[in-house]
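Okay, structure first, notes after.
Every number here is computed from the coordinates shown, using simple stated rules; none is lab data. Owing to the predicted nature of the structure, the values given are computational and were not obtained by experimental measurement. In this analysis, Cβ positions are derived from the backbone assuming ideal geometry, glycine residues included, and neighbour counts consider all displayed protein chains.
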Amino acid sequence: MVIGLVCYSGAMAALAVDVGQPLRFWFTFWYPNVHSMLTEVTFCITCYLTVLAIEYLPIVLKNRRLRDVPRLLVFEHELHKLMYVLAGVGTFLSFFHQGSLGGLYGVLRGRPFAFREGLAIWPSTFFLFILSAAAVGPSFVLCTTLLVEKISRKRLVRGSVYQMLARISGLLLAFYTLAKSVDTLIWINRTSPESGFLAFQYYSWKPFGAWILFAEIVACGLIPSLIMLTPRLRARTGWLVPAAVMACAGVALTAS
């Protein structure tokens with residue numbers, strides 16, 4: 001939750017810069033472009049950040065001085081009853097805005113290498129972004145927890161927790177890699193030619209090249225998933241950490 005609060009606060013700051021004039025970030029809310037997917041993403045992230053802030057409140061209210069205030073103590077107790085609802089709302093908002101980010105890339109006809117056909121009104125990137133976020137989330141939590149342990153020199157969780165996170169991430173990442181490979185093959189053999197372009201043309205501009213596909217699908221997808229799905233390898237920190245970092249790098253490469 002703390003990681004989510006920090007990351008989504010940064011996302012809101014990035015969106016404020018992305019509109020071009022940060023001092024007018026409130027224009028997105030007051031004068032929304034209802035035809036823009038970025039507007040929907042902004043509203044989803046804002047709502048999710050609000051949910052995260054509410055979920056973080058009980059931690060703040062555990063302060064020794066605040067616990068001396070009876071009304072705040074009652075408020076904290078009642079707030080705990082809503083956590084299941086807030087968790088459900090947060091999950092829905094997170095899934096939806098990840099898909100919308102993927103849909104944003106999927107409909108960019110100005111960037112033909114990103115344009116995708118899809119299911120009904122949703123391009124395939126809508127579903128791929130949701131799956132990639134779910135797959136790499138456990139790897140990101142694993143990396144950040146290990147980093148905090150390294151800095152604080154304290155054991156925060158048992159080793160079995162890392163094994164579980166790695167296994168979940170490996171399974172989802174393997175499925176994502178398969179789906180991404182199928183999507184790429186369809187784009188190369190059907191979507192791109194039908195648009196009047198050959199796939200290799202998009203990779204003729206250096207340093208942008210076919211190596212990006214290899215890095216995203218094989219180096220940052222297939223290899224990390226195999227490492228995390230192999231019990232003997234994921235039991236070793238020297239294999240586990242690089243695999244998790246490579247998985248996170250793969251998603252960053254996809255979004256860029």
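Some notes on this structure:
- Since only Phe95, Leu23, Ala215 are under comparison, the one whose Cα sits farthest along the positive direction of the charge dipole of the chain, derived from C-beta charges on Lys, Arg, Asp and Glu, is Ala215.
- Range in the chain, longest, excluding exposed trypsin sites (Lys or Arg not before Pro) [loop by DSSP; at most 14 other beta-carbon atoms within 10 Å]: 159-235
- Sequence-distant lysines (8 or more away, or on other chains) whose Cα lies within less than 27 Å of Lys81: Lys62
- Cross-link pairs Lys150/Lys206; Lys180/Lys206; Lys150/Lys180 - those with Cα-Cα distance over 32 Å: Lys150/Lys206; Lys150/Lys180
- Distance between the C-alpha centres of the stretch 145-209 and the stretch 218-238: 13 Å, rounded to the whole angstrom.
- Relative to the current alpha-carbon distance between Val2 and Arg64, full extension at 0.36 nm per residue lengthens the span by 20.3 nm.
- Summing Cβ point charges (Lys, Arg +1; Asp, Glu -1) relative to the Cα centre of the stretch 127-256 gives a dipole of roughly 760 debye.
- Residue order, fewest to most beta carbons within 10 Å, for Thr145, Thr237: Thr237, Thr145
- Counted by neighbouring Cβ atoms within 10 Å, the residues Tyr203, Tyr48, Tyr8 run from fewest to most as Tyr203, Tyr8, Tyr48.
- Nearest-0.05 FRET efficiency for Leu38 and Val182, computed from C-beta distance (R0 35 Å): 0.80
- For the chain, calculated [θ]222 nm from helices alone, where every DSSP H run of n ≥ 4 adds -39500 (n - 2.57): -22500 deg cm²/dmol
- Net length gained if the chain between Phe92 and Ala14 were fully extended (0.36 nm per residue, minus Cα distance): 25.9 nm
- Order of His35, His80, His97 under a 10 Å beta carbon neighbour criterion, fewest first: His35, His80, His97
- Label corresponding to Cα extents along the principal axes in Å when calculated from the structure given, among [x] 68, 40, 35; [y] 55, 51, 30; [z] 69, 54, 31: [z]
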